[in-house]
Amino acid sequence: MYHWKMFKIGLPLVSSIFLLIGVLFSLQAEPLPQTEITPPETVDVPTQTGVSILKQDNDGLLIALNTAIINSTNDVYLLQHELNANIQEPGAPALPYYSTFIALPPEANVSITVTPIEVHTVNNVVIPAVEAPTLSFINYDEESPFPVTAVTPQVASDKTEQAIYPASTQIPNTIYQLSEPMYFRDIRLVKLDLFPLQYRPQQQEVTQTSQMLVNIQFHGAKFDNLQPAPSVHDIYHNSLAHKILNFEQGKAWRSLPSSMQATGDNKASASLVSLPAGATAYKIEIDQDGIYDITGQDLTSAGMAISNINPDHIEFMSRGEPVAYEFIKNGANAGIIEANDIIRFYGEGVNGSRREKQFLTHNIYWLWSDPDGSSTSIDTLPNNPDADLATSFIDSITREDENYFFSTWTDQWEQFPNEPDSWYWAHLRSPTSQNYEIELPDPILEDTQATTYTVEVLTRESYVNEFNYSVEVCLNGTFGCVQTTWTGHQNVNIMNTVPMTSLVPGTNEFTINLSNSVAPDSRVRLFLNRITVEYLRSLKAVDDELFFTDAVGGRTMIVQDFSEGEPDNILVWDITTPLNPTQIALDYDDILENNGRYTYTIGIPNTTTTTQQYIATTVSNTLSPDHISQYQVPTTIEPVDGADWVAISYKDFLPQTQNLAEHRAQAAYGGMKTHVVDIEDVINLYYHGLAMPEAIHAFLENSLTWPTKPSYVVLMGDGVVSPRHLPCAAYCYSDWDVNAQNFVPTDIQFIDRYQGLTPTDSTYVFLVGDDLLADMAIGRLAAESISQAEAMVDKIIRYEENLLAKVPGYQRVLFIADNPDPDAGGNFCDTNLEQTGSLIPADYEQTHLCREDYANDVAFTETIKAETYPGAAILTYRGHGAIHAWGNSPRFWSADSSVSDEALKRTWANHLSQKPVAILSADCLDGYFALPGHSGLSERFMNLDEYAGAAAHWSSSGLGLDHEHTALLEGFYESLFGTEQIRLGDATNYAKLHFSLSANYAKSEMYSFNLQGDPAMQINVLDLSVFLPVIIR
């Protein structure tokens, strides 16, 4: 039996709407030179405290900032209530300052001059330094793919720490700071910080500019051809009314950047791939470099009626660029393609950035017939050997097996020597000595020549553990050893240059010796990523093929050890320009036979200053594509009049997505223009057929040129962080599924401070400007089956039907709190009640369930289940979390793979009342929807049928701090009850905007909080005139 506590709390609609807190640290720029100017004689400087706009026009604005004069340390703290932000940088004094957005005219540059009017100095002021947050390893499992489930900040010290504060330094060292320009959809902004207090820690001296004039000037503005991009009900514009100092002035300047504007029939962001609209094209997938043959029979098998195709009309393209090819006529009939005819071209596998290699197994080429097109043929040049002979070249060979998935546990990749990677060759735990092999064909073993090797490793520790690492690498026993040491979590290249005689032909062995750390612990771990060896190699073929380079250019290359002596069966191509190679024709004089093996003498004039690249092979070695498929190119996938709401769906889920679109088009549920597209079309038309996040981003960016520009985006289908279907040898969950389908790609970014790699859909709507402000609202329905897609759409529709019908229960917010954890998260129940609950208007019922009030988890979960029956508009959880569970040791609500859908459904009672909820999770990881085979708690709640669980779930796919989650929830509820926003995605976007301006800002949260649901779903519902109580159970 539980005790009911009922009491009335009187609250204003919103306690306060803060006028911008904090700073977007990712956008901060160096301040302009500080200048003092004489205030204009015609300006009366006000004496009241606060900010006043004295003058504004298209050339700029003049403002005054006045603060109450301080005389002591206590006055500094009192000033925090007068200003709106506090310095949060670890090691800096915790000083208050003023922060705001300034609207900018289109394309204008901005300059600032600050005039101090009154300046005071106060001594004997003690300001503590801001200390960095520390990680707390709650439920840490060293075999887990995730490092922690909770973190907590340390409180500031009561006295200054001279080790942190630089000697005699005034902090901050400028009176203002200005960000780079950013865009909030069509509103151009800069962030301005004013620092009326500056502190010298050693002297304990504060300099206060209690009165200052700030002259903000605009230069080079362009006011012609403005093209605003209003959202539905202009949500994006209205939400900034209290956030921009010169909001009214900026209203007239709204416009997309000129680079994104549509001008007549020419769109700046037109489709990136020139596939033939309305025609049939053939998608060709290849996985390695080489010379490829496509036969007429191959095209017939893919669906092409080759007897109707003139070979002169063939168009060939890759990544939006034409591909040169050779057409080889073997059939008897001219003017058509026959089964034994051949299209020969040079193809590349996935050779791009490591980012590409996270997503792709194959590169894509396209072929189609166009009578009006112009094909590109491979040129053939005669062989032209000269006296400058070469029998060797510098080769670089890399081995990088991919056995272990690791999210890297760091966001510091910009400080590391390599691009981020999530797949690793081997795992080492100290103390250990392990051997790794790499094949090096035909090294030239001369003492006068050197080879360089690079062994790339990544430590497997969180940065909070400053372990000491000592790694020795040796080549082929005791040759070429090198010792490398470092401290802390790092990506490291261990490099050494040794004589070529250290190598052996064929298999070479690297030994890696990992020693124990001296402190703080004895054992350390790291991942081996790859081994690269650059060495002098003989020009000898392996299996009748050799890729080689001529770094000098124009030399004659003597290439040995082929089995083919007929010139017509020999292929030597200059592939310096891979899409447009040149064939070098050999004749018998260029071929030398010796004991049944052949040496080719190859020469071509060097017409460029770049290193020339070649392939020498034989006709019998040509490759065939892995797959050729037919694709009917749409005439367009863009709606004529544009759309307010757009959905990108996997093909099998299109009917369910269309049902949701029809619901959203109804007047009662938005009355929006809707548009549904197939993800395959988006990938093929907007990113060359490459299944990468860039395709979705390009499509949405282009949608800002439509007559009606989308405000809401739905992704229908699950995505995974391992789209290449690789097996994971260890340190992944046991249910890792190599067959998990990547229905609609999610982006993967290495931005989480503690976790590293994080799946995110937020980047898809970072469209205008180089910033982290969303320009549309986006949500995902992570369906893996038609039945799941149906269940999610049904719940969204039922939720809104209940909402509009004012069904009992949708006047309530249900709060759930984990056990208190002072060392790693705080008192979750108190924070729910006092900080988040206080944001709910008095005419809403609140029910608070706290784990600490129950004898065991069973009693707690049974109460939760019972409380879902009467319904709730929003369920807010705060506490510890994992991908599949809520709660800390033990998990009180789990949805791991051992829990069936039916069993999980029975933990809810809302399916009995048909009252799905919208969930906000202020925890870690339960929004991680992209681990293959290991569904997150959010996914499981969303996928339940019969209206059980959630119709929407906003939560994190990463790791964060409780006070950051509090700021996000504060912004969310402020958007619902303090502005006119009523839709879920608008509220989540506003929450991130609010968070980005708060003192608790951390950019990783801008990526990791993802919405599962329809962002256009209405969630703000009732304006009740009757009092409803707060209930604590």
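The values are calculated or read from the model by the stated rules, or taken from the named source; none is laboratory data. Computed from a predicted structure; not experimentally measured. Neighbour counts run over all protein chains shown; Cβ positions are idealised from the backbone, glycine included.
Name the residues in segment 352-389 that are closer than 27 Å to ILE558 by Cα and out of contact with any strand residue (DSSP E or B) (no Cβ under 7 Å at 6 or more places or on another chain), would you? ALA387 - this is the single residue of segment 352-389 that is closer than 27 Å to ILE558 by Cα and out of contact with any strand residue (DSSP E or B) (no Cβ under 7 Å at 6 or more places or on another chain). Of the residues making up segment 921-973, those that are hydroxyl-bearing (Ser, Thr, Tyr) and under 17 Å from PRO759 (Cβ atoms) are SER921, TYR928, SER935, SER938, SER955, SER956, SER957.
For segment 743-755, give me each residue that is part of a loop (DSSP other than H, G, I, E, B) and within 16 Å of the chain's Cα centre (by Cα). Within segment 743-755, VAL744, PRO745, THR746, ARG753, TYR754, GLN755 qualify.
With respect to ASP771, determine if the residue is crowded, with 21+ Cβ neighbours inside 10 Å, at negative phi and without any contact (Cβ under 8 Å) to a residue 60 or more places away in the chain. In short, no. Quick one: how many residues across segment 520-543 are part of a strand (DSSP E or B) and either at pLDDT 95 or above or within 17 Å of ASN435 (Cβ to Cβ) (or both)? Total meeting the criteria: 14. Taken together, ALA918, ALA895 contain a single residue that is at pLDDT 90 or above, closer than 27 Å to LEU803 by Cβ and surrounded by 19 or more Cβ atoms within 10 Å (Cβ to Cβ), which is ALA918. Restricting the search to helices (runs of 4 or more DSSP H) fully inside segment 876-956 and requiring at least 1 residues that are more than 28 Å from the chain's Cα centre (by Cα) gives 901-905, 910-913. Of the residues in segment 960-974, at least one is at pLDDT below 95 and part of a loop (DSSP other than H, G, I, E, B).
Give me a count of the residues in segment 332-358 that are among the charged types (D, E, K, R) and within 20 Å of the chain's Cα centre (by Cα). Within segment 332-358, residues that are among the charged types (D, E, K, R) and within 20 Å of the chain's Cα centre (by Cα) number 4.
GLY689 - would you say it is more than 30 Å from HIS233 (Cβ to Cβ) and at pLDDT 95 or above?
Judged against the criteria, GLY689 is a match.
Of the residues making up segment 818-856, those that are surrounded by fewer than 23 Cβ atoms within 10 Å (Cβ to Cβ), over 32 Å from the mean Cα position of the chain (by Cα), not hydrophobic (A, V, I, L, M, F, W, C) and not in a loop (DSSP other than H, G, I, E, B) are ASP830, GLU834, SER838, GLU845, THR847, HIS848, GLU852, ASP853. Here PRO870 meets the list (1) touching a Gly at 6+ places or on another chain (Cβ under 7 Å); (2) buried (at least 19 other Cβ atoms within 10 Å of the Cβ) almost entirely, failing just condition (2).
You will find that of TYR669, TYR733, the residue that is more than 22 Å from the chain's Cα centre (by Cα) and either assigned by TED's automatic domain parsing to the domain that holds ILE364 or under 25 Å from ILE883 (Cα atoms) (or both) is TYR733 and no other. Each residue in segment 774-796 was checked for being among the β-branched types (Val, Ile, Thr) and either under 30 Å from LYS191 (Cβ atoms) or surrounded by fewer than 21 Cβ atoms within 10 Å (Cβ to Cβ) (or both), and 2 of them qualify. Restricting to segment 358-383, what's the tally of residues that are surrounded by 17 or more Cβ atoms within 10 Å (Cβ to Cβ) and either free of Cβ contacts under 8 Å to residues at least 60 places away in the same chain or among the hydrophobic types (A, V, I, L, M, F, W, C) (or both)? Residues in segment 358-383 being surrounded by 17 or more Cβ atoms within 10 Å (Cβ to Cβ) and either free of Cβ contacts under 8 Å to residues at least 60 places away in the same chain or among the hydrophobic types (A, V, I, L, M, F, W, C) (or both): 7 in total. For segment 426-445, the condition holds for no residue, the condition being that it is in contact with a Lys or Arg (Cβ under 7 Å, 6 or more places away or on another chain), crowded, with 19+ Cβ neighbours inside 10 Å, among the acidic types (Asp, Glu) and part of a strand (DSSP E or B).
Conditions tested, residue by residue: (1) more than 21 Å from PHE995 (Cα to Cα); (2) surrounded by fewer than 24 Cβ atoms within 10 Å (Cβ to Cβ).
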position: LEU904; (1), (2): yes, yes
position: GLY927; (1), (2): no, no
position: ALA930; (1), (2): yes, no
position: SER938; (1), (2): yes, no
position: ALA950; (1), (2): yes, no
position: ASP962; (1), (2): no, no
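Contact annotation: residue pairs with Cβ atoms under 9 Å, 6 or more positions apart or on different chains, pairing a residue in segment 414-438 that is at pLDDT below 95 with a partner that is among the hydroxyl-bearing types (Ser, Thr, Tyr) and part of a strand (DSSP E or B), are SER430/TYR469; SER430/SER470.
For segment 61-91, the tally of residues that are among the hydroxyl-bearing types (Ser, Thr, Tyr) and either within 39 Å of the chain's Cα centre (by Cα) or crowded, with 20+ Cβ neighbours inside 10 Å (or both) stands at 2.
Only one of GLN666, GLN656 is within 13 Å of LEU781 (Cβ to Cβ) and among the polar types (S, T, N, Q). Can you tell me which?
The conditions single out GLN656.
Table: residues versus (1) buried (at least 22 other Cβ atoms within 10 Å of the Cβ); (2) at negative phi; (3) touching a Ser or Thr at 6+ places or on another chain (Cβ under 7 Å).
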| site | (1), (2), (3) |
| --- | --- |
| SER168 | no, no, no |
| ASN173 | no, yes, no |
| GLN177 | no, yes, no |
| GLN203 | no, yes, no |
| THR207 | no, yes, yes |
| ALA229 | yes, yes, no |
| TYR236 | yes, yes, no |
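Candidates ARG906, ARG940: the one that is in contact with a Leu (Cβ under 9 Å, 6 or more places away or on another chain) and either among the basic types (Lys, Arg) or outside the structural domain of GLY837 (by TED's automatic domain parsing) (or both) is ARG940. Scanning segment 956-989 for residues that are closer than 11 Å to LEU920 by Cβ, among the hydroxyl-bearing types (Ser, Thr, Tyr) and touching a Phe, Trp or Tyr at 6+ places or on another chain (Cβ under 7 Å) gives SER956, THR988.
Being over 20 Å from TYR631 (Cβ atoms) and in a helix (DSSP H, G or I) is not true of ARG344. Among the strands (runs of 3 or more DSSP E) confined to segment 446-519, the ones with at least 3 residues that are more than 31 Å from the chain's Cα centre (by Cα) and under 22 Å from TYR424 (Cα atoms) are located at 468-475, 479-487, 506-514. When the residues of segment 585-605 are narrowed to those that are assigned to a strand (DSSP E or B) and out of contact with any helix residue (DSSP H, G or I) (no Cβ under 8 Å at 6 or more places or on another chain), which ends up surrounded by the fewest Cβ atoms within 10 Å (Cβ to Cβ)? Selected residue: ASN594.
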